[in-house]
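Any read-out appearing in this document is the output of simple, stated calculations on the displayed coordinates, not a laboratory observation. Note that the structure is a prediction, hence the values are computed from the model and not measured. A quick note on method: Cβ atoms are made from the backbone with ideal geometry, for glycine too, and the neighbour counts reach across all protein chains shown.
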Amino acid sequence: MSQENVEIAARAIDAWNRVDLAAFMGEWHPECEWRPAFPKGTEGTGSVFRGHDGIERAWRAVRVAWTIYRLDVDDTRPVADQLVVLGAIYAQGAASGIELRSGWSAVVDFRDSRLLRAWDWLSRADALKAVGLEE
């Protein structure tokens, strides 16, 4: 795992947190896919969004449902060609104002210096298990 890939993931998360769609999308490969760890109410947990159009659709769904949806990173762990990002979500509902704090982790693959695939979990243990690690 190159330091460049760690920086790509960090830039994408920073763009997400700054609500900068253009910068966020600039980090994704055209053949990308993302399985967010959305709480129910956006398009449902388990949805996989493919290509730039799909990821933009996911972005917009989150921004409609949540006035704040921030990803806080605690740690990154390179595992072979993948990167495991461990952290937390802080969100505030757009309609309800309800606050959400949850664990969040992602397993990220790269191609051509861009994000190719990101699969998110609300459980740190599940993300680590996906790459053959345990806490």
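Note down the relative contact order for region 3-127 as a percent, whole number, built from C-alpha pairs under 8 angstrom at least six residues apart. Show your work: numbers first, answer last.
Values: 256 pairs, mean separation 30.5, N = 125.
Worked out over region 3-127, it gives 24 percent.
On a 0 to 90° scale, report how tilted helix 51-65 is relative to the longest principal axis of the chain, with both axes built from alpha carbons and the result rounded to the nearest 10.
In the chain, helix 51-65 runs at an angle near 40 degrees to the longest axis.
Output the 0 to 90 degree angle, nearest 10, between the alpha-carbon long axis of helix 3-17 and the longest principal axis computed from the alpha carbons of the chain.
Roughly 0 degrees, rounded to the nearest 10.
Work out the charge dipole of region 3-127 with +1 on the Cβ of Lys and Arg and -1 on the Cβ of Asp and Glu about the Cα centre, then indicate which of Ala12, Pro36, Leu115 is farthest towards its positive end.
Of the candidates, Pro36 comes out farthest on the positive side.
On a full-extension model of 0.36 nm per residue, what is the gain between Thr67 and Ala130, subtracting their alpha-carbon distance, rounded to one decimal in nm? Let's see the in-between values first.
Details: separation 63, 0.36 × 63 = 22.68 nm, distance 3.04 nm.
Full extension of this stretch gives 19.6 nm more.
Can you work out the base-10 log of I(q)/I(0) for region 3-127 at q = 0.19 1/Å, using the Debye formula on its C-alpha atoms alone?
For the requested q values the scattering log ratios are -1.05.
May I ask you to compute the full-extension gain from Arg50 to Glu99, defined as 0.36 nm times their residue separation minus their alpha-carbon distance, rounded to one decimal in nm? If you can, show how the numbers build up before the last one.
On the way: separation 49, 0.36 × 49 = 17.64 nm, distance 2.86 nm.
Once the chain is fully extended between Arg50 and Glu99, it gains 14.8 nm.
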